[in-house]
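**Student:** First the structure, then my questions, so here it is.
The values are calculated or read from the model by the stated rules, or taken from the named source; none is laboratory data. Since we're looking at a predicted model, the values are computed, not measured. Note that each Cβ is placed from the backbone with ideal geometry, even for glycine, and that neighbours are counted across all protein chains shown.
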Amino acid sequence: MHEQTAHPFGKRKRIHERVIETTLFLSAMLSILITVGIAFILIRESYLFFSDPDVRLLDFLTGKKWQPMIGLFGFLPLLNATLTTSIIAMALGIPIGLFVAIYLSEYASDRSRGILKPILEVLAGIPTIVYGYFALTFMTPLLRSIFGETTVEIYNTASAGLVMGILVLPMIATMAEDAISAVPKELRLASYALGGTKIETTFRVVIPAAMSGLSATFLLALSRAIGETMIVALAAGAGPKLTANPFEAAETITGYIVRISGGDVSYNSIDYNSIFALGLVLFLITFTLNLTSRKISSLFHQEYD
Amino acid sequence: MQTQSLFGTETDINTLMGKRKRIGLLWKVAFLFSTTLAILFLILLLLTVIDSSFGYVALRNEVEPSSLIAGKKSVKDFSRAELERVAATNLSSGILRRVEYEKPLEQRTGNDLVALLEQYVIKPKVLKTWGLWDSLTHTKAIDEYSRSEEGSYLTFKSWINAEFFLADQSADPLHAGIRTAFLGSLWIILITFLFAFPIGVGSAIYLQEYAQDNRLNRILQLNIFNLSAVPSIIYGLLGLAVFVRAMQSFTSGSMFSSLTDATANGRTILSGGLTLGLLVLPVIIINTQEALKAVPASLRMSSYGVGATKWQTIWHQVLPASGERILTGTILALSRALGETAPLVVIGASTFISVDPTGIFSKFTTLPIQIYQWSARPQGAYRNLAGAAIIALLILLMLMNSTAIYTRDKLAKKKRLES
């Protein structure tokens, strides 16, 4: 007290400022706690899963059958279905999304951009369950009428994958447009000055220059597709199956987790622990993809900033 | 005479230029086609949903109205006295007692009695349903089907109607509605907001206004971006292990009172709301940070210049200046939570529940879960119900988003007037 009055213009200690800052810091730390919580829960339950005498890590990673009823825990069928749907989604979503992005950034007038971008936003804002319904009531009947009802099963990974492609399309288009627009105008002008046409400039100058941003986008989209749940839960079918045929039903990692947890599963059962082990696999895959994507895009920002 | 240049003759150059331009045009067509395709997908999606929400239904009555009163084909043709007499004689004693207890037959309106008779005596069963498109174009086939089925008749039904919004989840698709699911969704969103908004905005203020550029804060930022890309189903697993299981006595309310519904086992609105709160937290943080970034540094500097402290500057200058953007970002994040299905299924939202949620310790179901349940059923009529529920969900989302945009515009206008 005495010291403060001695220096009337000195810095006063303001307790409540410190309290507020600490509170805000703690709320920011909660996000770290969430990550730690996710990692801790997944690892702990997975540890319980793998310490079960029926489960061996090697069988889990290489086994071709997932039948918990008879103690077979090979996760390849689930992984295979997840990859099948994701690859189909990427095969549809990447080219179309990229083309939309090129159209928006290089060709579209301000007016048509003003119409198209909100449409993409609407598409991106539709809940995934609606896409699942779309897969079930539109895409599957469409595929069946094209390829024949005997070839295409009622539940199949192709339908789920295609609709998932539509789901990631707006995300790819928006992020890819950002990446393409970030390429400096000088690069385009230099190409025109050398006699390049618009399309040559786009493909040989702009796209290569935006490549790091684009690959970051594609990785993030892949991560989104791998973690996507409701579309595959509705349209891809129940029951794990190792098949290369996209017209057959096959359950994905996420589809399995939803089906098992949707029923009444009792704690500490092998079923309960198994969804956490699969969750861990899912988390590791998507985490790696997200981190790589982030790394690439931060490199990209350094290039032109 | 052709001019010869380094790149060949003029014709060579011209053909090459022509070719290059054609290639350019082809690609432009491809880009335009892709964009059209994206729009087409949106239109198809909406049409599919609308298509299944309206259309013909083939029904068959368990008891024909003509067998109750000879010569009358529909309950609607019954006179008031006939309605009361038929209801009194044909309703089973249990149902009659319950109905009389709610409101005596004599005091009920004619429409009320018709509805009672249809639900408990006539009991129409859905044989087959058609979408709007089929109903308009394949009327002949629909007629033939109806004739081939003994005792069946056709009605054109709008699956989205007043009863659909007011009724609870019924086992009979003709009388099923979304009231319980709708209330569940609202409760969940409320909890999500109360949990994620203060923490999210607080984190964003810390990261944007206080944080130094050091290792810890860079990790914090990277971690938030990572969290925003973690699949939603993982949050479901987190919620299941933490809120439903580990904190069961808290989330089921048994810690506070013994009167709460014990059958919920922690699978309550509180658990669901907190799980979705964790899910949208990174989204709210990122959106709020963007809003704070948009506040010009000069505003902060002038506030410091007149002697305000850091917090005074944030509270009196930065937050009011960015308020509408923060609000918009939050509403957009909440509309994402409103559409989430997977995490709530994982934490074990009830699949069949016809009792309205009464508080945060109630069992619950939400609109997206209801859509999931109905879509997953093989019977046709449930698909129609799912379509109608999707329309309700999309309308709700549209209302939320337009509120966000409206509030933003209004606040921006007010600010312009003040300055």
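**Student:** I'd like the full set of residues that are over 30 Å from the mean Cα position of the chain (by Cα) and more than 11 Å from B:L154 (Cα to Cα), limited to segment B:52-72.
**Tutor:** B:N61, B:E62, B:V63, B:E64, B:P65, B:S66, B:S67, B:L68, B:I69, B:A70, B:G71, B:K72
**Student:** Specify which of the listed residues (B:R267, B:R300) is more than 23 Å from A:T22 (Cβ to Cβ), among the basic types (K, R) and assigned by TED's automatic domain parsing to the domain that holds B:A196.
**Tutor:** Just one listed residue meets the conditions, B:R267.
**Student:** Still on this structure, I have one more. Inside segment B:66-75, can you point out the residues that are under 18 Å from B:K125 (Cα atoms) and either in contact with a Pro (Cβ under 9 Å, 6 or more places away or on another chain) or at pLDDT 80 or above (or both)?
**Tutor:** B:K73, B:S74, B:V75 - these are the residues of segment B:66-75 that are under 18 Å from B:K125 (Cα atoms) and either in contact with a Pro (Cβ under 9 Å, 6 or more places away or on another chain) or at pLDDT 80 or above (or both).
**Student:** Looking at segment A:263-293, which of its residues are part of a helix (DSSP H, G or I), over 21 Å from A:A225 (Cβ atoms) and among the aromatic types (F, W, Y)?
**Tutor:** Scanning segment A:263-293 gives A:Y272, A:F276.
**Student:** Cβ-Cβ distance below 9 Å, separation of 6 or more or different chains: which pairs start in segment B:370-388 with a residue that is more than 7 Å from chain A (Cβ to nearest Cβ) and more than 16 Å from B:D172 (Cβ to Cβ) and end on one that is charged (D, E, K, R) and in a helix (DSSP H, G or I)?
**Tutor:** Filtered contacts from segment B:370-388: B:G387/B:D51.
**Student:** In addition: Examine segment A:211-230 for a residue that is outside any helix (DSSP H, G or I) and of a type outside the set (V, I, T), and state whether such a residue exists.
**Tutor:** yes
**Student:** When segment B:131-157 is examined, which residues are found to be under 23 Å from B:L46 (Cα atoms) and either under 17 Å from the mean Cα position of the chain (by Cα) or surrounded by 14 or more Cβ atoms within 10 Å (Cβ to Cβ) (or both)?
**Tutor:** B:G131, B:L132, B:W133, B:D134, B:S135, B:H138, B:K157
**Student:** To continue, here is another question. For segment A:70-118, which positions are of a type in the set (D, E) and in contact (Cβ under 8 Å) with a residue 12 or more places away in the chain?
**Tutor:** A:E106
**Student:** Could you identify the single residue in A:M139, A:M164 that is within 14 Å of chain B (Cβ to nearest Cβ) and within 18 Å of A:L220 (Cα to Cα)?
**Tutor:** Answer to the selection: A:M164.
**Student:** Looking at segment B:273-305, which of its residues are of a type in the set (S, T, N, Q), away from chain A (no Cβ under 13 Å) and touching a Gly at 6+ places or on another chain (Cβ under 8 Å)?
**Tutor:** Passing the criteria: only B:N287.
**Student:** Check B:G184, B:G177, B:G200 and return the single one that is in a loop (DSSP other than H, G, I, E, B) and buried (at least 16 other Cβ atoms within 10 Å of the Cβ).
**Tutor:** Going through B:G184, B:G177, B:G200 in turn, the sole match is B:G177.
**Student:** I've got another one for you. For the structure I just gave you, tell me whether B:F256 is among the aromatic types (F, W, Y) and either more than 10 Å from chain A (Cβ to nearest Cβ) or not in a helix (DSSP H, G or I) (or both).
**Tutor:** Yes, satisfied.
**Student:** Moving on. Taking into account only those residues within segment A:192-223 that are within 12 Å of another protein chain (Cβ to nearest Cβ), in contact (Cβ under 8 Å) with a residue 24 or more places away in the chain and surrounded by fewer than 20 Cβ atoms within 10 Å (Cβ to Cβ), which is farthest from B:L26 (Cα to Cα)?
**Tutor:** Only one residue fits best here, namely A:I207.
**Student:** Looking at (1) among the hydroxyl-bearing types (S, T, Y); (2) without any contact (Cβ under 8 Å) to a residue 60 or more places away in the chain; (3) more than 8 Å from every other protein chain (Cβ to nearest Cβ), can you tell me which one B:T330 breaks?
**Tutor:** (2)
**Student:** Can you list the helices (runs of 4 or more DSSP H) lying wholly within segment A:120-196 that have 3 or more residues being small (G, A, S)?
**Tutor:** Answer list for segment A:120-196: A:157-181, A:185-193.
**Student:** Find the residue count for segment B:144-156, including only residues that are closer than 20 Å to B:E64 by Cα and either basic (K, R) or in a helix (DSSP H, G or I) (or both).
**Tutor:** Looking only at that region, the number is 4.
**Student:** Which condition number in (1) touching a Leu at 6+ places or on another chain (Cβ under 7 Å); (2) within 30 Å of B:E209 (Cα to Cα) is the one that B:L327 fails?
**Tutor:** The failed condition is (1).
**Student:** Shifting gears a bit: Conditions: (1) facing another protein chain (nearest Cβ under 8 Å); (2) farther than 24 Å from B:P343 by Cβ; (3) touching a residue at least 12 places away in the same chain (Cβ under 8 Å); (4) under 20 Å from the mean Cα position of the chain (by Cα). A:T128 meets all but one. Number of the miss?
**Tutor:** For A:T128, the exception is condition (2).
**Student:** Given A:G74, A:G37, A:G63, which one is at pLDDT below 85 and small (G, A, S)?
**Tutor:** A:G63
**Student:** Still on this structure, I have one more. Could you list, in sequence order, all residues of segment B:228-247 that are assigned to a helix (DSSP H, G or I), over 9 Å from B:T275 (Cβ atoms) and at pLDDT 90 or above?
**Tutor:** Selection gives B:S228, B:S232, B:I233, B:I234, B:L237, B:A241.
**Student:** Test B:V242 against the criterion of being surrounded by fewer than 19 Cβ atoms within 10 Å (Cβ to Cβ) and of a type outside the set (F, W, Y), and give yes or no.
**Tutor:** no
**Student:** Name the residue, out of B:V57, B:V99, B:V49, that is surrounded by 12 or more Cβ atoms within 10 Å (Cβ to Cβ) and more than 30 Å from B:W133 (Cβ to Cβ).
**Tutor:** Result of the check over B:V57, B:V99, B:V49: B:V99.
**Student:** Kindly state which helices (runs of 4 or more DSSP H) lie completely within segment B:1-117 and contain at least 2 residues that are without any contact (Cβ under 8 Å) to a residue 60 or more places away in the chain and within 14 Å of chain A (Cβ to nearest Cβ).
**Tutor:** Where helices (runs of 4 or more DSSP H) fall fully within segment B:1-117 and carry at least 2 residues being without any contact (Cβ under 8 Å) to a residue 60 or more places away in the chain and within 14 Å of chain A (Cβ to nearest Cβ), they are B:10-53.
**Student:** Another question, if that's okay. From the list B:V86, B:V49, pick out the single residue that is within 43 Å of the chain's Cα centre (by Cα), more than 30 Å from B:R383 (Cβ to Cβ) and modelled with pLDDT of 80 or more.
**Tutor:** Step by step, each of B:V86, B:V49 is checked, and only B:V86 is within 43 Å of the chain's Cα centre (by Cα), more than 30 Å from B:R383 (Cβ to Cβ) and modelled with pLDDT of 80 or more.
**Student:** Would you confirm whether any residue within segment B:216-232 is facing chain A (nearest Cβ under 8 Å), within 20 Å of the chain's Cα centre (by Cα) and buried (at least 22 other Cβ atoms within 10 Å of the Cβ)?
**Tutor:** yes
**Student:** Can you tell me which residue among A:I70, A:I15, A:I88 is out of contact with any helix residue (DSSP H, G or I) (no Cβ under 9 Å at 6 or more places or on another chain), among the aliphatic types (A, V, I, L, M) and away from every other protein chain (no Cβ under 13 Å)?
**Tutor:** A:I70
**Student:** Is it the case, given these coordinates, that B:I160 is under 21 Å from the mean Cα position of the chain (by Cα), more than 16 Å from A:L26 (Cβ to Cβ) and not in a helix (DSSP H, G or I)?
**Tutor:** Against the criterion (under 21 Å from the mean Cα position of the chain (by Cα), more than 16 Å from A:L26 (Cβ to Cβ) and not in a helix (DSSP H, G or I)), B:I160 qualifies.
**Student:** May I ask you to verify whether B:A342 is of a type in the set (G, A, S) and either buried (at least 21 other Cβ atoms within 10 Å of the Cβ) or touching a residue at least 12 places away in the same chain (Cβ under 8 Å) (or both)?
**Tutor:** Considered against the rule, which asks whether it is of a type in the set (G, A, S) and either buried (at least 21 other Cβ atoms within 10 Å of the Cβ) or touching a residue at least 12 places away in the same chain (Cβ under 8 Å) (or both), B:A342 comes out as yes.
**Student:** While we're looking at this one, here's another question. Condition first: surrounded by fewer than 19 Cβ atoms within 10 Å (Cβ to Cβ) and under 22 Å from the mean Cα position of the chain (by Cα). Now tell me which residues in segment A:232-248 satisfy that.
**Tutor:** Within segment A:232-248, A:A238 is the sole residue that qualifies.
**Student:** Another question, then. With the condition kept exactly as written, say whether any residue in segment B:189-201 is within 11 Å of another protein chain (Cβ to nearest Cβ) and of a type in the set (V, I, T).
**Tutor:** Checking segment B:189-201: at least one residue is within 11 Å of another protein chain (Cβ to nearest Cβ) and of a type in the set (V, I, T).
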